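The values are calculated or read from the model by the stated rules, or taken from the named source; none is laboratory data. Small disclaimer: the values here were computed from a predicted structure and weren't measured. Here Cβ is always computed from backbone atoms with ideal geometry, including for glycine, and neighbour counts include all displayed protein chains. Accessible surface areas use protein heavy atoms only, side chains included; no ligands, DNA or RNA. Shrake-Rupley method; radii C 1.70, N 1.55, O 1.52, S 1.80 Å.
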Amino acid sequence: MTPGTSRPSATTRGALLNAPAETSALAEPDAAGAYACGYEPDDLPDGLVIADRHGTVVCFNAAAERLTAVRRDAALGRPLEEALPLEDLKGRRWWALTDPYGGLAIRGGQPERNLLLPGNREVLVAARYVREHPLGPVRKVVVTLRGTEARRRTERSHAELIATVAHELRSPLTSVKGFTATLLAKWERFTDDQKRLMLETVDADAGRVTRLIAELLDISRIDSGRLEVRRQPVDIAAAIGRHIQAHTARGQSPDRFFVRVRRPLPDLWADPDKIDQVLGNLLENAVRHGEGTVTIEVAPTGAGDDEKGTAVTVSDEGPGIPEESMGRVFTRFWRGSKRGGTGLGLYIVKGIVEAHGGTITVGRGPAGGAEFRFTLPVGAPAYLA
């Protein structure tokens, strides 16, 4: 609020709210930036700058101050092009290019774009031209400002995803190409055992590519909110047993795993394929990155959980996850060690659990290793959802 001004009284606000439509539509903000609808511009998360019919700034909220480093009292009452000196990425003055108060009368504003403030600070700017009537003169120019940090983070994330995919695809595809070319060129020179070994390698590398593509599709569905959950009855204890059998078939000792099931368990309706994906990822991480016994506990959710359902805890006896990394475990590309992997698995696990309405947390287990705990609400069959 500028010196010498006062906020409108409740009576004044009520009069504005009850005024005829044509009067309230033309109402301008008061010196503090408050409007008849009762909101305060400082409540907005984005920068808001409003200029009147003469191009004079009449509103400059707190977010605009933060983004532009211009004080409100220095901006109010100044021409818009002086209070907000914007340039495009080629160094051209934006207000001279757009000419909001002149030009075609059918223009309604400017779409959001990257512009530069003094000091080459980037900001996302959009503008709307408010006219007294269609094709009439501009009564108000409303400008919104947003920082570019969120967009930069998204761009970096996409760049990292592309780099990771390219790196992960290069190795297996090179192997597949090399072995198939060798077999085609020199088939008669190899024994049956040699051919089998090469074909098994090709099959394993093709499976690796297939898994990576499946992960990318899952990420796309999670990010867009299109991950479908087809709920069916799930016996989660039996599913855990199948995963342990698969690990023992690949050479792990059965003594490496300890399963504790606390019954009775509530009925669980979930997507069995996606729950298999969650269990497979958590157990694979515990076996690959952890040490000692891998403990899997299945129990009904407790009083501290939001909903009735099933809770699954997977812990190991390894070094665990450093405290400073706990907050990044479920982000893209996080890797707990240098033992391979894309760093996408736990991100997908979190997306699947949350798509079921559950939660997942990470902490330190009783033996000092990593402990992952996820909950799944009872849910309902797909045909009732």
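Odds and ends about this structure:
- Selected residue (criterion: farthest from G102 (Cα to Cα)) from residues of the stretch 29-67 that are in a helix (DSSP H, G or I), modelled with pLDDT under 90 and open to solvent by 10 Å² or more (accessible area, probe 1.4 Å): D43
One line per residue, one yes/no per condition, for (1) open to solvent by less than 60 Å² (accessible area, probe 1.4 Å); (2) in a strand (DSSP E or B); (3) without any contact (Cβ under 8 Å) to a residue 40 or more places away in the chain; (4) in contact with a Leu (Cβ under 7 Å, 6 or more places away or on another chain):
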{"residue": "A237", "(1), (2), (3), (4)": "yes, no, no, no"}
{"residue": "G241", "(1), (2), (3), (4)": "yes, no, yes, no"}
{"residue": "A246", "(1), (2), (3), (4)": "yes, no, yes, no"}
{"residue": "G251", "(1), (2), (3), (4)": "no, no, yes, no"}
{"residue": "D255", "(1), (2), (3), (4)": "no, no, yes, no"}
{"residue": "R260", "(1), (2), (3), (4)": "no, yes, yes, no"}
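- When the stretch 269-327 is filtered for residues that are aliphatic (A, V, I, L, M) and assigned to a helix (DSSP H, G or I), the ones remaining, listed by number, are I275, V278, L279, L282, L283, A286, V287, M326.
- In this structure, L217 does satisfy being closer than 30 Å to D271 by Cβ and open to solvent by 80 Å² or more (accessible area, probe 1.4 Å).
- Residues being assigned to a helix (DSSP H, G or I) and touching a Leu at 6+ places or on another chain (Cβ under 9 Å) are represented in the stretch 142-162 by at least one member.
- Within the stretch 316-333, residues that are more than 22 Å from V294 (Cβ to Cβ) have Cβ atoms under 8 Å from residues that are assigned to a loop (DSSP other than H, G, I, E, B) in these pairs: R328/W334; R332/G343; R332/L344; F333/T342; F333/G343; F333/L344, counting only partners at least 6 apart in sequence or on another chain.
- Scope the stretch 118-136; condition of a type outside the set (D, E, K, R) and within 17 Å of V57 (Cα to Cα); matching residues: V125, A126, A127, Y129, V130
- Residues that are open to solvent by 40 Å² or more (accessible area, probe 1.4 Å) and among the polar types (S, T, N, Q) within the stretch 286-312 comprise just one, T293.
- Test: A303 is touching a Leu at 6+ places or on another chain (Cβ under 7 Å) and over 28 Å from T248 (Cβ atoms): no
- Residues of the stretch 208-234 satisfying the condition of being of a type outside the set (S, T, Y), assigned to a helix (DSSP H, G or I) and farther than 22 Å from V176 by Cα: L217, D218, I219, R221, I222, D223
- Test: residue in the stretch 144-158 that is open to solvent by less than 60 Å² (accessible area, probe 1.4 Å), more than 30 Å from the chain's Cα centre (by Cα) and without any contact (Cβ under 8 Å) to a residue 60 or more places away in the chain: no
- Which numbered condition R250 misses (of (1) at pLDDT below 90; (2) within 23 Å of T359 (Cα to Cα)): (2)
- Extreme residue, nearest to E168 (Cα to Cα), among residues of the stretch 178-199 that are open to solvent by 100 Å² or more (accessible area, probe 1.4 Å) and either outside any helix (DSSP H, G or I) or among the acidic types (D, E) (or both): D193
- Of all residues in the stretch 221-232, one or more are of a type in the set (S, T, N, Q) and open to solvent by 70 Å² or more (accessible area, probe 1.4 Å).
- Answer residue from the stretch 68-114, given it is among the hydroxyl-bearing types (S, T, Y) and either farther than 18 Å from V57 by Cα or in contact (Cβ under 8 Å) with a residue 40 or more places away in the chain (or both) and is most open to solvent (accessible area, probe 1.4 Å) among those: Y101
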